[in-house]
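Student: Can you read through this structure? Questions will come right after.
Read the figures in this text as sums done on the coordinates, not as results from a lab. Predicted model, so just to flag it, every value in this text is computed and none were measured. Quick reminder, even Gly has a Cβ in these numbers, built from the backbone with ideal geometry, and neighbours come from all protein chains shown.
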Amino acid sequence: MKPALIIGVESLEKLFEQNSNPEQNNFHWNCHHCGCSVEVEITKTSVGYGMSGGVLFEPNPQNFLALFVDCYEKTLELE
């Protein structure tokens, strides 16, 4: 499985505009690869955004997929 593009800065900015916390957002999804529940924490940094707990992908606008970091690394090995 080759995932779509990692979520872009414009989409992250929109997500942060919709949330009451201007510095951090937590998102809960099921991992697109293994199906387990994953929480992706996105934090604003001085140079953009940082993700922990997983990786968000955006196959098309406002449609997101999440992967655990380990699952994401496995997909990179397949390329």
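Student: Which value does Rg/Rh take for the chain over its C-alpha atoms, Rh per Kirkwood?
Tutor: 0.96
Student: Packing-wise, with mean Cβ within 10 Å as the measure, how do 23-31, 45-53 rank, highest first?
Tutor: 23-31, 45-53
Student: Moving on. Taking 0.36 nm per residue of separation and subtracting the Cα-Cα distance, what length does fully extending K74 through C34 add?
Tutor: Using 0.36 nm per residue and subtracting the Cα-Cα distance, I get 13.3 nm.
Student: Then there is this: How big is the stretch 35-79 in terms of Cα radius of gyration and Dmax, in angstroms?
Tutor: For the stretch 35-79, the Cα-based Rg and Dmax read 11.6, 33 Å.
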